[in-house]
Amino acid sequence: MLLKTEALTKNFGGLTALNKVNFEIEEGEIVAIIGPNGAGKSTFFNLISGFYPSCSGRISFMGKDMTGTPTHEFACSGIGRTFQTTNLFTDSTVLDNLIIGYRSKTKMGMLDAIFNTKRARRDEGASREKAGEILEFIGLTEVKNQPVGNISQEAAKRLAIGLALVTEPRLLLLDEPAAGINHGETSELVKLIEKIQHSGITVCLIEHKMQMVMNLAHRIMVLNYGTKIAEGTPREINKNDRVIEAYLGGTKHA
Amino acid sequence: MDLLIQQVVNGFTLGSIYCLVALGLTLIYGIMEVPNFAHGHLYMVGGYVTFFMMTLYGINYWVSGLIAGIVLAVLGILLERIVFNPMRNSPSTNKFIAAVGAMMFIEAVARVLWGSDFRSIPAIYDNVVMIGGVRLTEQRLIIIAGAVILMVALYLFLKHTLIGSTIEAMAQNRDGASLVGIDVNRVAMLTFAVASLLASAAASLSGPIFLVYPSMGALIIMKVFVIIVIGGMGSIPGAVLGSFILGMTESLGATYISSNYKDVIAFAILVLILSIKPSGLFAKGGH
Amino acid sequence: MLKLSGINVSYGSYLALQDVNIEVNKGEFVVLLGANGAGKSTLFRTISGLLKPTSGSIEFKGHKIEQLPAFKMVNLGISQCLEGRALFSHMPVKQNLLLGGYVRRNDKEGIKKSLTMVYELFPVLKEKENDLAGSLSGGQQQMAAIGRALMSDPELLLLDEPSIGLAPIVVQQVFDAVKIVNKAGKTVLLAEQNAHLALKVSHRGYVLENGRVVMHDRSDVLSGNEEVKKAYIG
Amino acid sequence: MDLIKKMYKTKYIAYLAVFALAIAFPYISPNRYYLTVVTLGFIYAIAVYGLNLIVGYLGQLSLAQAGFFGLGAYTSGLLSLKLGLSFWLSLPIAAVATTTVALLVGLISFRTRGHYFVILTLCIGVIIHLVIEKWDSLTGGVRGLIGVPIPSSIGPIEFKSLESQYYLVLAFLILTIFVMSRIVSSLVGRTFKSIRNSEELAATLGINVMKSKLLAFGIAAFFTGIAGALFSSYIRFLGPEIAATHLTFEFLLFLLIGGQATIAGPLVGTLLASGITESLQFMQEYRMVVFGALLIVIVKFFPGGLVGATKSLKAKLEKRVNQRKKSGTNLPSKGESHAAKNRGFN
């Protein structure tokens, strides 16, 4: 088991955004989290990526207790993530984004920088190499010297995934990767996600596009009002009454 | 015991002055999301206008204060139009720096025009009254009473008039304010006018006791920053509470700890508070 | 009544809306369907003047309005509820509603009438009129937002995803109320992801995908459409 | 490829020319007064380089810098006056002491964000200033410290003359610029810039934001401390006003005039601003009036400062030249015109 949450809970003021969620992610699978808007999906992501501290409950990753560790430790332990609103370093180029993404794997410090030591040059080289490798993987080599503001929305989505990949994660969390891109681009994205899984990285995604989720995911967790209301294979979820109710509001078939 | 009561009253006087300045600063912060560095300097200019109205033109103290208030309201509006409105969409650091620029500018103009001398607004209410065995000058009572009246007036204006409530509405949700048809530019000007008027009133009230000089703005603005950080930026009750806490601490601290370091006390409190609670004592979250 | 022709909106180099043409007639209830990120909110913010289009025109009752600032729209008769509601959360409900009538502040009688009307539409707001808007439940907040928008006595009501984060039963209530408002003569343009319910209450619908209008038709036709079913109904 | 080589060559020649000018300055300076002004400008520039790292590269508006400058100056001044330490010992001690205090300050202030950070650092600056002013028995209070000794000679090299002190300061300035340019062009500097861009994103990429911030803060304070120590042995009189926030604001102005987040900016801005005001005596009275207004104009219209403005002008010219070259064969592609628009936008 790669990631495990036990009774994970988060309150904002008086509002319980996530309520005692138990969930497990196995190594190598693609898991999807679905649910109506405001169901707590992003909150769940923010907790398991260490972006917010949880209020109660436990998170363990590869057997290690991660509860209460700072954000950057999550990334260093191998959890990479993207954001719903594509989050990039907007005043740098595509390549520079990826280079900084590899920073946590490099060791050079201030003195290395000042004296331009062997280690500094080696780290610099390794970062560029890794960035190039990822560029190739996400298919953005051609625009590598473009400022991020100049690339298309779809390329920006790829870059955001690339930025998470460059940290060499074991588990990749994708928050609505297909929001705002069209049909053709979505199927390209599906291919990319499958490619990521084949390269040995476990993927967990939040997505609204049902068709995509049903095709891609091995397992689905459904959240509603911060609680887990169902979990299972796409086929099981499709038939689950509680899920249909949550989505359609009582009337089963229109 | 008498000394203690005396110092408590002094603390109240000081707190009243801080409060009038802090209220304006917190109102401006609410709608602009930028601590207005130049706010203390509006207080300073208010002091000078009152002083010159009285000494040059021989105008009555109260009328001078009123004229200063109006002049400052206009200055406040100009400041909003020339500096803050054009910077509205800039990064917050840039807004901050622009405010610093405005501050340097106003102080420098004051120095050029009026020199660096200390001046004192002529005191007309310097009789001493005895209340419960404590000796008080009338002016101190006037400061406290004046501040309380202005605070109540501000409260009524904000809570019980539709125009006043637009200020709060804009602070709470700028988009929401636009959507109900509130002209956010006009509200911004109104807020600067009200805030500057309050600062000017603080200077007119305190002028006969404290002196008037070009750098008086720089010191009070930092004290008032401390206050709104303690009270939560943008919070009105927080500003009132923070003002009196600081006024009292300074007054008692100067007597019982060290008068030499009394100005350090305010800043030390702030460092202490923010070391323990990085988002301020009464933070609403955010920012 | 409202006519958008060839609207383009971009953020930097990202084209959020491309050549959008939409028309809403007086008295109609029109729904705008689209997934997250399809451009619904962008479109609404453009109509209400919070965003400026890069090209194209918006006409309201024959006047070009695309360059007007947001606060002037209310005077013309367009009132909007934003996604996220944009309430004044530290103010009592009643104060929120009264501010909704800000543009007719000299018409004391009219405001009183509108307030009564809003309270009739959403009795719970009357009960909670002295509570802070931020303390209400999600559904009540949505009602307060709609109520506030109605206080300016608009001719056109824009509603951006009122169903977000609400329980199905509450969504039903909200939609029923909007239906009543529409029947009372107010034109409504509603943006929704929740196609199922929205198509039930509306007359016509537009489907927005990646910033383009890909389909528009009568609501009953749309709800029978296989593609729409697949994409928005599940 | 050729173009790039040529560009490097012109840059190289430009650097050499500036360096030669700096070396020759004491001999071509029309009078001793200019030499004093430029030396002082260099000292301030070292401090402004520190501020540049924090404000320009890390994106945090710290207003405690004059406090650190004063701390460095007083530490070095007191050590040499009261303990008779040589400048060569008091300078490094001052730099280390300033860094240590700064790290403590950073530990507290970097837990806060946004406006709280700005106000907190401002208040810490004020505390340092007030303590220097009030601690009469140690610092001489408002009277200040008089007669800080000049740097003792190293072997045959003496620092009695203005020229020799100029070269001493120049050496430290070059060292500062060298270290700063190495840092900002390395991965360490990229880390700072990423934090400026988005702290959240940097943290989710595994960057220890707090550690990086402290590092930048520490380096900045180190050089500010050196600048303070140089100031004390050069001016030889210390008053509490060198730690006042006014000086922080002036540093900030120098930085913005020159251009934040550039390597040449701090030097250009400091020399220009301090040089002009010092040489035009009639400006003295109106100096701050002009500076205040200038600060507003700069942040509004030229947030990149002089160096930034020159860079974007150069980019524009290059683009025009390139387009003219291309227009013979084909029209500029759509992507390019888009790119141009975007750059203007940022």
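The values are calculated or read from the model by the stated rules, or taken from the named source; none is laboratory data. Bear in mind the structure is a predicted one, so any value in this text is a computation, not a measurement. Cβ atoms come from the backbone with ideal geometry, glycine included; neighbour counts cover every protein chain shown. We work out accessible area using only protein heavy atoms, side chains counted, and drop any ligands, DNA or RNA first. Shrake-Rupley method; radii C 1.70, N 1.55, O 1.52, S 1.80 Å.
What the table below lists for this structure:
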read-out: Top-ranked residue in segment D:173-188 [being at the interface with another protein chain (Cβ under 7 Å from one of its Cβ atoms) and part of a helix (DSSP H, G or I); ranked as nearest to residue D:223 (Cα to Cα)]; value: D:179
read-out: Subset of segment B:87-145 (residues that are more than 14 Å from chain D (Cβ to nearest Cβ), open to solvent by less than 10 Å² (accessible area, probe 1.4 Å) and at pLDDT 90 or above); value: B:143
read-out: Answer residue from segment D:43-73, given it is open to solvent by 10 Å² or more (accessible area, probe 1.4 Å) and over 20 Å from residue B:225 (Cβ atoms) and is nearest to the other protein chains (Cβ to nearest Cβ) among those; value: D:59
read-out: Condition met for residue D:76 (farther than 17 Å from residue D:239 by Cα and either among the basic types (Lys, Arg) or surrounded by 24 or more Cβ atoms within 10 Å (Cβ to Cβ) (or both)); value: no
read-out: Verdict on residue B:266 being at pLDDT 80 or above, within 10 Å of chain D (Cβ to nearest Cβ) and over 14 Å from the mean Cα position of the chain (by Cα); value: yes
read-out: Restricting segment D:133-169 to residues that are open to solvent by less than 10 Å² (accessible area, probe 1.4 Å) and part of a helix (DSSP H, G or I), the residue that is nearest to the other protein chains (Cβ to nearest Cβ); value: D:141
read-out: Every residue from segment A:98-124 that is closer than 23 Å to residue D:201 by Cα, in a helix (DSSP H, G or I) and more than 9 Å from chain D (Cβ to nearest Cβ); value: A:98
read-out: Hits in segment B:14-32 (condition: closer than 17 Å to residue B:148 by Cα and open to solvent by 10 Å² or more (accessible area, probe 1.4 Å)); value: B:14, B:18
read-out: Filter result for the condition that a residue is open to solvent by 10 Å² or more (accessible area, probe 1.4 Å), in a loop (DSSP other than H, G, I, E, B) and not hydroxyl-bearing (Ser, Thr, Tyr), over C:134, C:185; value: C:185
read-out: Test: residue in segment C:194-215 that is away from every other protein chain (no Cβ under 14 Å) and surrounded by fewer than 19 Cβ atoms within 10 Å (Cβ to Cβ); value: yes
read-out: From the options B:47, B:11, residue that is touching a residue at least 60 places away in the same chain (Cβ under 8 Å) and crowded, with 23+ Cβ neighbours inside 10 Å; value: B:47
read-out: Evaluation of residue C:153 against (1) free of Cβ contacts under 8 Å to residues at least 40 places away in the same chain; (2) open to solvent by 10 Å² or more (accessible area, probe 1.4 Å); (3) more than 14 Å from chain A (Cβ to nearest Cβ) (one fails), failing number; value: (1)
read-out: Filter result for residue C:46 (closer than 24 Å to residue B:170 by Cα, within 14 Å of chain A (Cβ to nearest Cβ) and under 13 Å from the mean Cα position of the chain (by Cα)); value: no
read-out: Sole residue being facing chain D (nearest Cβ under 8 Å) and either in contact (Cβ under 8 Å) with a residue 60 or more places away in the chain or open to solvent by less than 10 Å² (accessible area, probe 1.4 Å) (or both), chosen from A:163, A:174; value: A:163
read-out: Residue check, residue D:124 at pLDDT 90 or above and either outside any loop (DSSP other than H, G, I, E, B) or more than 12 Å from every other protein chain (Cβ to nearest Cβ) (or both); value: yes
read-out: Any hit, segment C:157-174, residues being open to solvent by less than 10 Å² (accessible area, probe 1.4 Å), within 13 Å of another protein chain (Cβ to nearest Cβ) and assigned to a helix (DSSP H, G or I); value: yes
read-out: Hey, residue A:224 surrounded by fewer than 17 Cβ atoms within 10 Å (Cβ to Cβ) and facing chain C (nearest Cβ under 10 Å) or not; value: no
